[in-house]
There are 2 protein chains.
Amino acid sequence: MNSTVPQDASPAPLDAESEARADAVARGEADEPHSLVVRFGADRPLKLDAGVLLPDLKIAYQTYGELNAARSNAVLLCHALTGDQHAANINPITGKPGWWDTLVGPGKPIDTRRFFVISSNVLGGCMGTTGPSSVNPATGAPYGLAMPVVTIRDMVNAQAMLVDHLGIEKLFCVAGGSMGGMQVLQWAASYPERVFSALPLATGARHSAQNIAFHEVGRQAVMADPDWRGGRYLEEGVMPSRGLAVARMAAHITYMSDQALHRKFGRRLQNRAMPTFGFDADFQVESYLRHQGEAFVQRFDANSYLYVTRAMDYFDLAADYGGVLANAFRGSKTRFCVVSFTSDWLFPTDESRAIVHALNASGASVSFAEIESDKGHDAFLLEEPELFAITQGFLDAAARAVGLPPTKDA
Amino acid sequence: MNSTVPQDASPAPLDAESEARADAVARGEADEPHSLVVRFGADRPLKLDAGVLLPDLKIAYQTYGELNAARSNAVLLCHALTGDQHAANINPITGKPGWWDTLVGPGKPIDTRRFFVISSNVLGGCMGTTGPSSVNPATGAPYGLAMPVVTIRDMVNAQAMLVDHLGIEKLFCVAGGSMGGMQVLQWAASYPERVFSALPLATGARHSAQNIAFHEVGRQAVMADPDWRGGRYLEEGVMPSRGLAVARMAAHITYMSDQALHRKFGRRLQNRAMPTFGFDADFQVESYLRHQGEAFVQRFDANSYLYVTRAMDYFDLAADYGGVLANAFRGSKTRFCVVSFTSDWLFPTDESRAIVHALNASGASVSFAEIESDKGHDAFLLEEPELFAITQGFLDAAARAVGLPPTKDA
């Protein structure tokens, strides 16, 4: 920690049998993640939008594929609200495939035989990058609410330090959906010379009133749990699991479409022929939601939930550029591909259109696709052949433009 | 209570200065509401869909206008989830105008100079009609979860007992929105000969998976509050206010449209020039939502919230008629006017269209209007001139058909 030269730590050994997963998330992953880790010394603090310096920044990340000699084939993935660095490997906490296993891997649209793919946990997260469950070097105890509130730009500036550390001057592509898409836009705005191509999916250039409202409900659910203890639950040995589960349930509804919920569950009952006239999970959709809430608290930190939702709420890219979104991209040489999904009501297509209009107004190179899907906001994480084809085509064209061979071996 | 003849109690005196409003709701209004009350004796129990008998049914209600000699001018209003009998008078708890003050009153579309308007608190409610905060005659303590789960049909059957008690054979109109609209449809299905006209607004013939999901989030928020105490909070002298407030906040978002939230609040900050980089209510929409949650717990009982949401979840009118909605209305002579609002995403227009198609298939008389509005689901409670004109026109035509004079004095 005191070294002025960043050092990568080896991944901690993975004990697949661990039953204390919640504890592993709260303490183990935050302190010793199953990932590569880069630590920046106290003399290389991150200057945050909140106006304070964050010392001893730690970033947990994964890489897939190999960086070519020209260092020109790096793709940075930006994860969504509750994602993490485990985009394309088995998640050490859940034991499930990474969140973008659909899109990233050998022979997949983001082809790890061709690209060097970097995926880091965001600032404020709970999987090894500095966040509220990390140890505060000033006290030796977890930050809790002493962690400064971070923004999407802070997340991106931290990622830029990681990219510097990896010796990469220019990223071939920055890609992500939802909150990840916000980071993509912020990368393109903050570091236009370092982003050859950008793939923002299912996102917006600002968080809407309705989206802020849903986040506020989630935060209130967490903070209403007496076991939240003003954010000091780790020190007090408790977990605000019930509040966090309610927050996740509310959020999860917004990630799906009405149609998808109807298709998947309709009004079907859960393992019973008749309603019970009670408050059990009579309906499959209730049982499913409860499961989502329960599973989430096993892998996510409640305070991190407050911080990452807040970062999204604060995101308003135009506001940093005189209220004119096009100014954020003025003179940009980045190639953009903007994608939305018809049934996404959290980030409806209009939000993507606003980005496209701004990019057009700024003279940037942009293609846009609205994909017909009933899967709602989460479509960018799911089997969506049209998304795969668009991503593949966009990256192929960009790779040709930059002179990358079809695969790293070719 | 032991009388076999229903008796109307006088309204309790209203102490407008009362500060213990939450307590008044939890105990005062449930036991001694500021309303007319009819009590049915132990020998006239209500048979519930849950398969049990509910003894000592009490119904709290308000009336406006006068019943004509022919008893042909009665309009029954059915309230929505958290409404009550105070449709068109100052609410004794909140001190605010009744929930349908926009539409009901002298010279208004539901003209109390012309019609005898009845508005009762639903079964399972907390404003004087039997519900979980009422005294369980078997124990002398509040029912809590010992109250049987009730359905929309149970609510309607209770209302039919009230209408009988008032000596009204046939209602000129049954009107309501949202859960009130479900009651309207159930009235038309259960008692076709007793409903001359029906005005279901912003509703559906069944509760969708998404809507069940939102209700489940609300219930989980209530039940996650340690002060809920397994539903026994009244006996234990506490209130699950934080959980109920979170439930209300989540629900309230669904009552508004994305556009209305944007128009009303956008990303504007609350009494501050800059974000605070904290978890205060920086944004106006956060402050507004918190206020909605706090105000709600002053007037509503947490267990009632469980019961009325459950009643909506269970509503599936077609299921009671062999899965064919049209069968619910076969041979009906009732005149229907179905209304939806373009920005209502809780009960989108498709739900109303399904009702209209079923009514058409059953050969019933039906008119349908989709009103252009950005006010979302709650539009039926708000200033909507087109709704007023449609309601007025529909009732005028029905009144002419039934031979009612333009006003009760005419």
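Computed from the coordinates by the stated procedures, all read-outs in this text should not be read as laboratory data. No experiment lies behind these values; they were computed from the predicted model shown. We place every Cβ from the backbone using ideal geometry, glycine too, and count neighbours over all the protein chains shown.
Here are some notes:
- Hydrodynamic radius by Kirkwood, which averages 1/r over all alpha carbon pairs of the stretch B:46-111, in angstrom: 14.1 Å
- Average beta-carbon neighbours from other chains, 10 Å sphere, peptide A:195-208: 1
- Within-10-Å neighbourhood charge of residue A:320 [Cβ basis; K, R +1; D, E -1]: -1
- Of the trypsin sites (Lys or Arg not before Pro) found in the stretch B:333-376, those that fall in a DSSP loop while having at most 13 other beta-carbon atoms within 10 Å are B:333.
- Sorted shortest first, the distances from the residue A:354 label point to those of the same residue in the other copies are 3.2 nm; each point sits 7 Å from Cα along Cα-to-Cβ.
- FRET efficiency for residue A:71 and residue A:32, using Cβ-Cβ distance with R0 set to 35 Å, rounded to 0.05: 0.75
- Calculated label separations, residue A:169, copies of the chain, 7 Å along the beta-carbon direction, nm: 9.4
- Ranking B:334, A:122, B:120 by Cα position along the charge dipole of the protein assembly as shown, where only Lys, Arg, Asp and Glu carry charges on their C-beta atoms, puts B:334 farthest toward the positive end.
- Between this copy and the others, label points of residue B:95 are 5.8 nm apart in ascending order, each placed 7 angstrom from Cα in the Cβ direction.
- Summing charges over all other residues whose Cβ lies under 15 Å from the Cβ of residue A:192, with Lys and Arg as +1 and Asp and Glu as -1, gives +3.
- Ranking A:292, A:369, A:79 by how far each Cα lies toward the positive end of the dipole of chain A (charges on Cβ) leaves A:369 at the top.
- Peptide B:262-272 is shielded by partner chain Cβ atoms: per residue, an average of 2 of them sit within 10 Å of its Cβ.
- Counting Lys and Arg as +1 and Asp and Glu as -1 over every other residue whose Cβ lies under 15 Å from the Cβ of residue A:170, the net charge comes to +1.
- Dipole magnitude of the protein assembly as shown about its Cα centre (Cβ charges: Lys, Arg +1; Asp, Glu -1), debye to nearest 20: 1020 debye
- Every pair of different Cα atoms in the protein assembly as shown enters the Kirkwood calculation, which places the hydrodynamic radius at 28.5 Å.
- The stretch B:300-375: GluC sites (Glu not before Pro) in DSSP loop, at most 11 other beta carbons within 10 Å: B:372
- Sequence of B:168, B:59 once ranked by neighbouring C-beta atoms within 10 Å, starting from the fewest: B:168, B:59
- Residue among A:171, A:54, A:77 with the largest mean-square fluctuation in a Gaussian network model of chain A, springs linking Cα atoms under 10 Å: A:54
- Judged by the mean number of other Cβ atoms found within 10 Å, the most tightly packed of the peptides B:124-130, A:293-299, B:311-317 leads the ranking B:124-130, B:311-317, A:293-299.
- Förster-model FRET efficiency, 22 Å R0, residue B:274 and residue B:96, C-beta, rounded to 0.05: 0.05
- Per-selection Kirkwood Rh - chain B (Cα, Å, 1 d.p.): 21.7 Å
- q = 0.22 Å⁻¹: log10 I(q)/I(0) that the Debye formula gives for the stretch A:212-308, counting C-alpha atoms only: -1.07
- Modelled label positions at residue A:264 and residue B:383, each set 7 Å beyond Cα in the direction of Cβ, lie 4.2 nm from each other.
- Mean sequence separation of contacting Cα pairs (under 8 Å, at least six apart), scaled by the length of the stretch A:280-368, corresponds to a relative contact order of 24 percent.
- Length-normalised contact order for the stretch B:212-308 - Cα pairs under 8 Å, 6+ apart - percent: 30 percent
- Of the residues A:279, A:166, A:30, the one whose Cα sits farthest towards the positive end of the charge dipole of chain A is A:166 (charges of +1 on Lys and Arg Cβ, -1 on Asp and Glu Cβ, taken about the Cα centre).
- Based on C-alpha pairs under 8 angstrom that are at least 6 apart in sequence, chain A has a relative contact order of 17 percent.
- Peptide A:309-321 is shielded by partner chain Cβ atoms: per residue, an average of 2 of them sit within 10 Å of its Cβ.
- Using the Cβ-Cβ distance between residue A:353 and residue B:291 with R0 = 30 Å, the FRET efficiency computed as 1/(1 + (r/R0)^6) comes to roughly 0.35.
- Helical runs (DSSP H, four residues minimum) scored at -39500 (n - 2.57) apiece and divided by the length of the protein assembly as shown put the mean residue ellipticity at 222 nm at -10000 deg cm²/dmol.
- Cα→Cβ-extended label distance, 7 Å offset, between residue A:52 and residue B:397, nm: 6.6 nm
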